[in-house]
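**Q** Take a look at the following structure, please.
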Amino acid sequence: MCKVLNPEPIQETIALDKLLFEVMKKKEAGLRLSQICVSYINEKYELSYSFADDESFQYTVLRVVIDLYEEVPSICKIYPYAIFYENEIAELYDVNVEMIDLDFHGKFYRIEKEAPMLPEGALEKKAQEEAEAKKRAEAAAEPAPEAQTEEENKGGNN
Amino acid sequence: MNIKRSPWLLHYDGSSCNGCDIEVLASLTPVYDAERLGVENTGDPMQADILLITGGINTQNAPVVKQLYDQMPRPKVVVAVGICACTGGVFKETYNILGGADKVIPVDIYVPGCAARPQSIIDGIIQARELFQQRSDEHDALMRSQKGAANV
Amino acid sequence: MGKKSVVPFGPQHPVLPEPIHLDLVIEDEIISEAIPNIGFIHRGLEGLVEKKDFNEMVYIAERTCGICSFGHGLGYVEAIEHVMNIEVPARARYLRTIWAELGRMHSHLLWLGLAADAFGFESLFYESWRIRERILDLHELTCGSRLIFSVNKVGGVIRDIPADKLAYIKDQILIVEKEVKNIEKTFLGDYSVQTRSKGIGLLTKEEAHDLGAVGPFARASGITADLRTTGYAAYGELDFEPVISNDGDCYARLDVRIRELYQSIDLIRQAIDKIPEGELEAKAIGFPKGEYFMRIEQPRGEAVYYVKGNGTKILDRMRIRTPTFANIPPLCETLKGADYADVGPLVVSIDPCISCTER
């Protein structure tokens, strides 16, 4: 009878800004990147980064849930072979992955249809959400110049 | 000219799952032995007479298949091996498959099956041999009639 | 310092059974870089998950690749069974193990033939495939088809192997063992094969770990990882050790795969001796709800199957990550500094299955 090693897989859900730190911890522990996967559920992207330990056969999955227009940093500076997985998710699901070392710009599989795994109407929704998010960001940056002109007016009146 | 005794094959894999390719190569190995018909599996399209296509056609390999077909000298015969090369098979409804091999090049013989059995593939090669002899005879007659017209 | 030129390799090439395109940057016959360009076999079968229900997806998963077809069906079905909490009966698990090991044997014999053809040794190619036909006859005897046979279903298997056929399988693999011993002398002892494979394509243990290599490719460099140790199907009740080598070159990969053939023969014998009587399937009630990552050991390495169900008969997502996808970065690394004449044997030595990679 051979020794059977079958630990329960671990799944952790983390926020997008903690992604690089958690991946660095996995690299420090000597784990191998097994795969990167994305699903389109309830109009959000669910990313899964899987890491495998070849000595104890422990499988860990990092889950990140993001909105359609958010930008994901590439982990290829930590795991160089992640570029293939990231090019694939950028091409099939149109996820905005930034700073990939070898970026095929949507020509990895050279498919004619844009983002073929997304359902109908999802690309337009994504463009819409991206425009709204940009408007919200600009509106949040505006109040500072208006407050300054008000003070000048007050100083002028006195 | 009796050239049907040594037709040379070119085998190309479109978007296939490999099952039919492995069966094509298995037909050439000692147990099923299509080589007793005089065929030889060549890798050079410019020396091939019969093209064996497996797998469906997707947008990326449509120009490759067209170029291979154009590089083969006439007379030539095309055999579509496996149900994916005939009609698209199980993958007809995916977003990337255009259909069978006849979307890009003219196909003469269809060999169905998933994966196509070596017995059917050898039957297809025998029928392709007959068609190849027929086309070669027609080509010879055309050359003779053109030469005859030039001499007049 | 020579001039750099770019040589295209593929998609149609006599040594490649499948289309893949590599742009090789060479300088004085030594390769400095290899840029892969794939997409010729991409069928998009993961998109079919919206159109077929979860029982029919077994047929789609099996047709991802014709060589490792049983493994794909097995991985998908095991993932769904984990999500639905179905306990597969013991006899079905042993039958799945026997078919999986027969699949591993036919895949390794196929690869041995293609490797011999890449060296230019055509008669050895024909001899390996002649031996392989005996295994395919066993497939046809038990399942009705030679390569793609759908015997897996959610909950068990659909056909049984009666006791007289099991005894016949045992006799046939004894003959296969004698014939493999014959060709092993040529593969590992012949001078021309040794010159073309010893010292070619070296990959050290650290490089293999840093680049994420899996399967016999990694085991030939010294990494001891064999996923059958996790005990899926009936492997938990059988006795085996992972086959490893420490050399890391093409010769070591030949050696590892030939020894795995003997290991598979031993595993089939153990399974046939220990197989219990019993049911062939467990009833699958309801629809899958939840997600699971299942990993199995295909002949080429670790394959990951991810399914996510939402309680209806149409799944949300099915993803297959095949071993060749993980082996392409180490391949590009071993090609650097290699001789131009060694590109064919090197590419074949990782056992590429491009149709699995691109699905």
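**Q** Inspect segment B:99-119 for any residue being charged (D, E, K, R) and more than 13 Å from the chain's Cα centre (by Cα) and give the result as yes or no. Spell out the reasoning first.
**A** Kept after step one, since they are charged (D, E, K, R), are these residues of segment B:99-119: B:102-103, B:108, B:117.
Next cut, more than 13 Å from the chain's Cα centre (by Cα) only: B:103, B:117.
So far as segment B:99-119 goes, yes, one or more of its residues are charged (D, E, K, R) and more than 13 Å from the chain's Cα centre (by Cα).
**Q** Restricting to segment A:9-36, name every residue that is over 19 Å from residue C:213 (Cα atoms), more than 10 Å from chain C (Cβ to nearest Cβ) and touching a Ser or Thr at 6+ places or on another chain (Cβ under 9 Å).
**A** As a first pass, look at segment A:9-36 and keep what is over 19 Å from residue C:213 (Cα atoms): A:9-22, A:24-25.
Cutting the leftovers down to more than 10 Å from chain C (Cβ to nearest Cβ) gives us A:10, A:12-22, A:24-25.
Matches in segment A:9-36: A:10, A:12.
**Q** I've got another one for you. Out of C:54, C:40, report the one residue that is in contact (Cβ under 8 Å) with a residue 40 or more places away in the chain, within 30 Å of residue C:10 (Cα to Cα) and among the aromatic types (Phe, Trp, Tyr).
**A** C:40
**Q** Same structure, new question: So which pairs qualify, if the first residue must be in segment C:267-291 and closer than 30 Å to residue C:177 by Cβ, the second must be of a type in the set (S, T, N, Q) and loosely packed, with under 13 Cβ neighbours inside 10 Å, the Cβ gap must be under 7 Å, and the two must be at least 6 apart or on different chains?
**A** none
**Q** Let me ask something additional. Filter segment C:332-359 down to the residues that are of a type in the set (Val, Ile, Thr), farther than 16 Å from residue C:110 by Cβ and away from every other protein chain (no Cβ under 14 Å) and list them by number.
**A** First, pick out the residues of segment C:332-359 that are of a type in the set (Val, Ile, Thr): C:334, C:343, C:347-348, C:350, C:354, C:357.
Restricting the remaining residues to those that are farther than 16 Å from residue C:110 by Cβ gives C:334, C:343, C:357.
Correct list: C:343 only.
**Q** Taking the condition of being acidic (Asp, Glu), surrounded by fewer than 13 Cβ atoms within 10 Å (Cβ to Cβ) and without any contact (Cβ under 8 Å) to a residue 24 or more places away in the chain, how many residues in segment B:28-45 meet it? Break it down stepwise before answering.
**A** The first filter runs over segment B:28-45 and keeps only residues acidic (Asp, Glu), leaving B:33, B:35, B:40, B:44.
This time we only want the ones that are surrounded by fewer than 13 Cβ atoms within 10 Å (Cβ to Cβ), so: B:44.
This time we only want the ones that are without any contact (Cβ under 8 Å) to a residue 24 or more places away in the chain, so: none.
Residues flagged as acidic (Asp, Glu), surrounded by fewer than 13 Cβ atoms within 10 Å (Cβ to Cβ) and without any contact (Cβ under 8 Å) to a residue 24 or more places away in the chain within segment B:28-45 amount to 0.
**Q** Of all residues in segment C:216-255, how many are assigned to a helix (DSSP H, G or I), more than 30 Å from residue C:82 (Cβ to Cβ) and not hydrophobic (A, V, I, L, M, F, W, C)? Steps first, please.
**A** In the first step, residues of segment C:216-255 are kept if they are assigned to a helix (DSSP H, G or I); the result is C:216-219, C:227-230, C:235-237, C:250-255.
The next check asks that each one be more than 30 Å from residue C:82 (Cβ to Cβ); those that pass are C:250-255.
Then drop every residue that is not not hydrophobic (A, V, I, L, M, F, W, C), which leaves C:251, C:253, C:255.
Final tally of qualifying residues: 3.
**Q** Let me spell it out: the conditions are (1) away from every other protein chain (no Cβ under 14 Å); (2) touching a helix residue (DSSP H, G or I) at 6+ places or on another chain (Cβ under 8 Å), and residue C:259 meets all of them except one. Which number is the exception?
**A** (2)
**Q** To continue, here is another question. I'd like the residue in segment B:36-60 that is in a helix (DSSP H, G or I) and touching a helix residue (DSSP H, G or I) at 6+ places or on another chain (Cβ under 9 Å) and, out of all such residues, is nearest to the other protein chains (Cβ to nearest Cβ).
**A** Within segment B:36-60, the first condition is being in a helix (DSSP H, G or I), and the residues that meet it are B:36-37, B:45-47.
Filter once more, so that each one left must be touching a helix residue (DSSP H, G or I) at 6+ places or on another chain (Cβ under 9 Å): B:37, B:45-46.
Numbers: B:37: 16, B:45: 7, B:46: 12 Å.
Result: B:45.
**Q** Taking the stated definitions as given, is residue C:36 facing chain B (nearest Cβ under 9 Å) and in contact with a helix residue (DSSP H, G or I) (Cβ under 9 Å, 6 or more places away or on another chain)? Before the answer, list the steps.
**A** On the way: facing chain B (nearest Cβ under 9 Å): no; in contact with a helix residue (DSSP H, G or I) (Cβ under 9 Å, 6 or more places away or on another chain): yes.
Answer is no for this residue.
**Q** Mind checking whether some residue in segment C:29-45 is closer than 27 Å to residue A:84 by Cβ and in a helix (DSSP H, G or I)? Show your work before the answer.
**A** First, the residues of segment C:29-45 that are closer than 27 Å to residue A:84 by Cβ: C:30-45.
Narrowing the set further to residues that are in a helix (DSSP H, G or I) leaves C:45.
The answer is yes, given that some residue of segment C:29-45 is closer than 27 Å to residue A:84 by Cβ and in a helix (DSSP H, G or I).
**Q** Across segment C:79-135, which residue is nearest to residue C:217 (Cα to Cα) among those that are in contact with a Gly (Cβ under 6 Å, 6 or more places away or on another chain) and not in a helix (DSSP H, G or I)?
**A** Here the residue is C:88.
**Q** Tell me, which residue of segment B:83-103 that is in a loop (DSSP other than H, G, I, E, B) and in contact with a strand residue (DSSP E or B) (Cβ under 6 Å, 6 or more places away or on another chain) is surrounded by the most Cβ atoms within 10 Å (Cβ to Cβ)? Spell out how you get there, then give the answer.
**A** Taking segment B:83-103 first, the residues in a loop (DSSP other than H, G, I, E, B) are B:87-88, B:94-96, B:100.
When the remaining residues are screened for being in contact with a strand residue (DSSP E or B) (Cβ under 6 Å, 6 or more places away or on another chain), the result is B:88, B:96.
Values: B:88: 22, B:96: 25.
Restricting to residues being in a loop (DSSP other than H, G, I, E, B) and in contact with a strand residue (DSSP E or B) (Cβ under 6 Å, 6 or more places away or on another chain), the top hit is B:96.
**Q** Moving on. List the strands (runs of 3 or more DSSP E) that sit entirely inside segment A:1-72 and contain at least 2 residues that are β-branched (Val, Ile, Thr) and surrounded by 13 or more Cβ atoms within 10 Å (Cβ to Cβ).
**A** Details: elements: A:10-13, A:32-41, A:44-52, A:59-66.
Hits in segment A:1-72: A:32-41, A:59-66.
**Q** For residue C:218, are the conditions met, namely being within 12 Å of another protein chain (Cβ to nearest Cβ), hydrophobic (A, V, I, L, M, F, W, C), out of contact with any Lys or Arg (no Cβ under 7 Å at 6 or more places or on another chain) and farther than 30 Å from residue C:276 by Cβ? Walk me through it before giving the result.
**A** Values: within 12 Å of another protein chain (Cβ to nearest Cβ): yes; hydrophobic (A, V, I, L, M, F, W, C): yes; out of contact with any Lys or Arg (no Cβ under 7 Å at 6 or more places or on another chain): yes; farther than 30 Å from residue C:276 by Cβ: yes.
So residue C:218 passes the test.
**Q** Does segment B:104-122 contain any residue that is more than 16 Å from residue B:4 (Cβ to Cβ), part of a strand (DSSP E or B) and not polar (S, T, N, Q)? Steps first, answer last, please.
**A** Quick first cut of segment B:104-122, residues more than 16 Å from residue B:4 (Cβ to Cβ) only: B:104-107, B:110-121.
After this cut, where a residue has to be part of a strand (DSSP E or B) as well, the list is B:110-111.
Going one step further and asking which of them are not polar (S, T, N, Q), we end up with B:110-111.
Yes, that holds for at least one residue.
**Q** Checking residue A:78 against (1) surrounded by fewer than 21 Cβ atoms within 10 Å (Cβ to Cβ); (2) of a type outside the set (Gly, Ala, Ser); (3) assigned to a helix (DSSP H, G or I), which single condition isn't satisfied?
**A** (3)
**Q** Can you pull out the residues in segment C:331-359 that are buried (at least 24 other Cβ atoms within 10 Å of the Cβ), in a helix (DSSP H, G or I) and not β-branched (Val, Ile, Thr)?
**A** Matches in segment C:331-359: C:349, C:355, C:356, C:358.
**Q** Consider residue C:307 against the criteria (1) in a strand (DSSP E or B); (2) β-branched (Val, Ile, Thr); (3) under 26 Å from residue C:217 (Cβ atoms): it satisfies all of them except one. Which criterion is unmet?
**A** Of everything listed in (1) in a strand (DSSP E or B); (2) β-branched (Val, Ile, Thr); (3) under 26 Å from residue C:217 (Cβ atoms), residue C:307 misses just condition (3).
**Q** Do any residues in segment C:110-135 that are among the polar types (S, T, N, Q) have Cβ atoms under 6 Å from those of residues that are in a helix (DSSP H, G or I), where the two are at least six apart or on different chains, and which pairs are they?
**A** Listed by first residue and then by second, the contacts come to C:128/C:109; C:128/C:112; C:128/C:113.
Values in this text are rule-based calculations from the coordinates and carry no lab data. Since the structure is predicted, the reported quantities are computational estimates derived from the model, not experimental observations. Cβ atoms come from the backbone with ideal geometry, glycine included; neighbour counts cover every protein chain shown.
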